[in-house]
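Asker: Sharing a structure, written as structure tokens. Questions coming.
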Amino acid sequence: MKPIGYWLNRTDKALTLHMNDMLEHFTLTRISWQILNVIQDGPDTTDIDVLSTLSANADGPTLTSAIDTVLADGWATRPGPGRLDLTRDGRQRLARVAERVDAFRQLSTTGISPDEYRTAVRVLERMTHNIETATSTDLTPARRVR
């Protein structure tokens with residue numbers, strides 16, 4: 001059995017590759033689609049909101065570049081300095097994208113029950129919490145007793 005890190009990396013690469021292929025029709029990438037969802041989910045969204053929400057998904061320069069792209073492509077607008085909102089056209093196009101993403105999600109979870117999916121997410125959340133809250137002494141190997 002391959003370790004969990006192998007499957008995490010392979011799954012993330014597969015998700016990104018296939019989502020990017022599917023979203024290319026809409027001139028989006030997985031990251032730009034995620035940015036649009038952050039903007040859609042919160043009124044008065046700021047660049048800082050996007051950067052902090054998606055910091056686990058991409059680095060700052062990648063996110064900033066993707067923000068610039070969704071602005072240039074007419075998906076979003078700046079109602080004020082450092083603020084982001086979807087355009088009317090962006091909202092309509094994002095609704096069409098949602099249909100494709102739903103189909104992609106169904107495909108990617110074929111043969112996985114809702115309980116299995118929830119369990120997988122909970123396990124990954126727990127592992128992440130364990131690692132992120134560990135101290136350096138938690139990671140020090142125990143001394144051998146002779």
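The values are calculated or read from the model by the stated rules, or taken from the named source; none is laboratory data. Bear in mind the structure is a predicted one, so any value in this text is a computation, not a measurement. No Cβ is skipped: glycine too gets one built from the backbone with ideal geometry, and neighbour counts run over all protein chains shown. With ligands, DNA and RNA removed, areas are computed over all heavy atoms of the protein, side chains included. Shrake-Rupley method; radii C 1.70, N 1.55, O 1.52, S 1.80 Å.
Asker: For the stretch 39-52, give me the residue count where each residue is within 13 Å of Thr64 (Cα to Cα) and either in contact with an Asp or Glu (Cβ under 7 Å, 6 or more places away or on another chain) or open to solvent by less than 20 Å² (accessible area, probe 1.4 Å) (or both). Outline the logic, then answer.
Answerer: Restricting attention to the stretch 39-52, the residues satisfying the condition of being within 13 Å of Thr64 (Cα to Cα) are 46-52.
Next, only the ones that are either in contact with an Asp or Glu (Cβ under 7 Å, 6 or more places away or on another chain) or open to solvent by less than 20 Å² (accessible area, probe 1.4 Å) (or both) stay: 50.
Qualifying residue count for the region: 1.
Asker: So, one more: Can you pull out every residue in the stretch 61-93 that is farther than 17 Å from Phe26 by Cβ, open to solvent by less than 40 Å² (accessible area, probe 1.4 Å) and either at pLDDT 95 or above or of a type in the set (S, T, N, Q) (or both)?
Answerer: Answer for the stretch 61-93, where residues must be farther than 17 Å from Phe26 by Cβ, open to solvent by less than 40 Å² (accessible area, probe 1.4 Å) and either at pLDDT 95 or above or of a type in the set (S, T, N, Q) (or both): Leu63, Leu84.
Asker: Here's something else I'd like to know. Counting just the residues of the stretch 18-38 that are part of a helix (DSSP H, G or I) and more than 13 Å from the chain's Cα centre (by Cα), which one comes out farthest from Ile67 (Cα to Cα)?
Answerer: His18
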